[in-house]
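Below is one structure; the comments refer to it alone.
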Amino acid sequence: MILRVYLACVILLISETLFAQKGDPQMQYQLSFPQAKGHYVEVTVRIDQQDTTKTTLVLPVWTPGYYKILDNPAHIIDFKVQASKGVAIDWKKTSKNKWTITHPKETELEVAYRVYANRTSVAESNVKDSRAFLANTDIFMFPEGQKEAPISVTFQLPETWEHIATGLEKINQTTFYAASADVLYDSPFYLGNQKMIEFQQLGKEFTLAIATPEGLDEQQFVADLREIILRTTDLMQHIPFEEYAFIMMEPGGGGLEHANSQAVFTYGSFDFKTDSDYKAFLNFITHEYFHLYNVKALRPIELGPFDYSKENYTTMLWVAEGFTVYYEYLIMRDADLITEEDMLQYLSSHFQAIENKEGKEHMSLERSSYDVWNHFLNNDAVSDATTISYYHKGPIIGLLLDLAIRHESENEKSLDDVMRAMYKTYFREQQRGYTEEEFWETVAQMAGKPLDELRHYVETTETPDYEKYLSYGALELDLTENDDPSTERVERAYQLKRKTPENKLQEEISKALFRNYF
């Protein structure tokens with residue numbers, strides 16, 4: 001008993017010292033799970049003294065990277081408020097996601113509520129008796145106008161749960177620190193008995209949390225992750241974090257990027273049936289990892305600071321998401337985890353998905369970004385016939401831009417230089433997002449001239465001159481017709497192929513892209 005008290009005092013002293021160094025948290029959250037079997041999280045939060053007579057708590061209705069308004073407030077129940085001395089305080093709902101508390105000035109508030117968490121989504125929390133995934137935007141509130149205030153989160157875990165996985169800064173085994181609400185919302189938690197693997201790479205700390213590790217070849221998988229990290233760092237020449245967590249959950253769909261982690265669903269085991277299945281999973285992990293550069297650190301100016309109460313519109317997701325698809329293939333290529341032929345097949349799939357669909361005639365790439373809030377995860381017949389996805393056309397434009405910049409600069413510059421220059425200028429130096437004009441200005445700087453024709457293809461539904469741009473890298477499209485009796489549309493193969501270079505520049509560009517010689 002004496003030893004336990006002593007250890008508790010030491011932990012408390014260390015925590016207080018760390019908080020003093022960083023700034024005391026103005027909100028102290030405590031979470032427990034006495035009704036985990038019923039999918040509930042119990043939340044209490046102590047809020048520092050307020051110098052006003054009204055405090056409005058805000059719960060986000062969306063998660064950055066998941067462009068859909070969610071019904072998070074509907075899952076908050078048993079909301080109550082008291083002063084620190086136990087006196088009940090009046091409150092009322094003032095909008096669908098806001099709770100306004102009326103209180104005397106200089107009052108320290110204690111708020112308690114429960115959250116029902118039973119959705120299977122990378123943007124929504126899910127609690128079971130054996131584990132919990134917390135997406136955070138549907139769990140934690142912040143005082144309106146105080147989003148920049150530091151926050152601490154302490155967990156009281158069920159006795160059978162052993163581990164906490166997160167990219168958030170750890171104060172002790174059960175307490176974590178976020179410099180702001182934005183940081184907290186960007187740092188999901190996975191709590192339970194997942195397999196935990198820790199390793200270092202390039203002086204940074206990495207945690208791998210796997211919920212269903214059956215079939216895992218730990219040595220090989222960690223080695224492959226190391227290669228992905230190395231090649232991504234070679235590309236961007238900087239690492240924007242000290243610690244990073246790969247959170248790999250049960251079977252499900254999709255994944256979500258974060259500045260210090262990624263949370264992804266898996267196939268339910270690591271017993272991959274084919275080599276192509278394993279490559280597809282590594283592509284997926286690489287995609288989410290590169291997102292910490294492209295969309296998190298380097299971002300369209302509209303995507304941060306966020307307004308968590310409504311849609312945040314941008315026309316630039318074709319760069320933030322589409323280019324990330326393109327770069328997942330380049331990084332996997334550089335890590336020798338896919339072949340040049342694999343890369344051609346992956347890229348071809350995007351041409352096929354765009355050019356054989358009617359949606360290309362009705363929606364521009366720019367509009368597909370702005371209107372994502374109307375169509376995200378909507379697979380109905382109308383959407384399929386009238387929309388396109390920036391996940392498909394974005395990497396196509398990424399490839400064409402890469403080829404055009406290499407062609408115009410005599411292969412001295414590439415899209416890599418655009419990404420590095422923007423990352424350095426807007427993230428590392430100016431610490432803000434970039435505008436659409438600033439993106440195209442950087443492209444022109446690297447190409448030595450404006451690439452207005454390619455910009456036109458982004459802003460309109462006109463089909464790009466594929467023959468012209470692909471020829472810069474000794475590439476062509478197989479346009480063989482593949483008639484499908486189930487549709488009136490004439491479908492074509494749209495298979496990307498290499499051809500014999502016609503000049504030295506084409507040969508150099510082809511070598512740069514595919515890393516092998518003719």
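Summary of values
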read-out: Helix 323-334 vs. the chain, principal-axis angle (Cα, 0 to 90°, nearest 10); value: 80
read-out: Degrees between helix 2-22 axis and first principal axis of the chain (Cα, 0 to 90, nearest 10); value: 60
read-out: Magnitude of the charge dipole, the chain, Cβ model with Lys/Arg +1 and Asp/Glu -1, debye to 20; value: 1740
read-out: Segment 195-288, dipole about Cα centre (Lys/Arg Cβ +1, Asp/Glu Cβ -1), debye to the nearest 20; value: 140
read-out: Cα long-axis angle, helix 218-236 against the chain (0 to 90 degrees, to the nearest 10); value: 70
read-out: Restraint check, K468/K504; K393/K499; K310/K360; K54/K128; K85/K128; K96/K360, Cα-Cα greater than 25 Å; value: K310/K360; K54/K128; K85/K128; K96/K360
read-out: Percentage relative contact order, the chain, counting C-alpha pairs under 8 Å, at least six apart; value: 11
read-out: Mean-position separation - Cα centroids, segment 377-393 and segment 134-148, in angstrom; value: 32
read-out: Candidate aspartates and glutamates - alpha carbon under 18 Å from K170, same-chain residues fewer than 8 apart omitted; value: E16, D24, E162, D182, D186, E198, E205, E242, E243
read-out: Residues in segment 336-350 reached by a label modelled at A493 [backbone nitrogen below 20 Å; 7 Å Cα→Cβ]; value: 340-350
read-out: Residue among Y67, V81, P104 farthest towards the positive dipole end of segment 52-122, charges placed on Cβ; value: Y67
read-out: Förster-model FRET efficiency, 45 Å R0, M196 and D465, C-beta, rounded to 0.05; value: 0.30
read-out: The chain: calculated mean residue ellipticity at 222 nm from DSSP helix runs of at least 4, using -39500 (n - 2.57); value: -10000 deg cm²/dmol
read-out: Charge dipole of the chain about the Cα centre (unit charges at C-beta), most positive-ward option of T500, N312, T460; value: N312
read-out: 3J(HN,Hα) from dihedral phi, segment 95-111, Karplus parametrisation 6.51/-1.76/1.60, rounded to Hz, x for glycine, proline; value: 6, 4, 10, 10, 10, 9, 10, 9, 7, x, 4, 6, 9, 8, 9, 10, 10
read-out: Pair Q35, E453: separation of 7 Å Cα→Cβ label points (nm); value: 6.4
read-out: Cα gyration tensor, segment 317-514 - rounded (a/c under 1.5), prolate or oblate; value: oblate
read-out: Those aspartates and glutamates that a straight Cα-Cα span of less than 14 Å connects to K68, excepting residues fewer than 8 apart in one chain; value: E124, D138, D307, E311, D371
read-out: Principal axes of segment 26-179: Cα extent on each, largest first, Å; value: 42, 34, 28
read-out: Global form of segment 29-115, assessed from the alpha-carbon gyration tensor, a/c cut-off 1.5; value: oblate
read-out: Percent antiparallel among DSSP beta bridges (both partners in the chain, rounded to 5); value: 80
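Every number here is computed from the coordinates shown, using simple stated rules; none is lab data. Quick caveat: nothing in here was measured; it's all calculated off a predicted structure. Methodologically, a virtual Cβ is constructed for each residue, glycine included, from the backbone with ideal geometry; neighbour enumeration extends over all protein chains shown.
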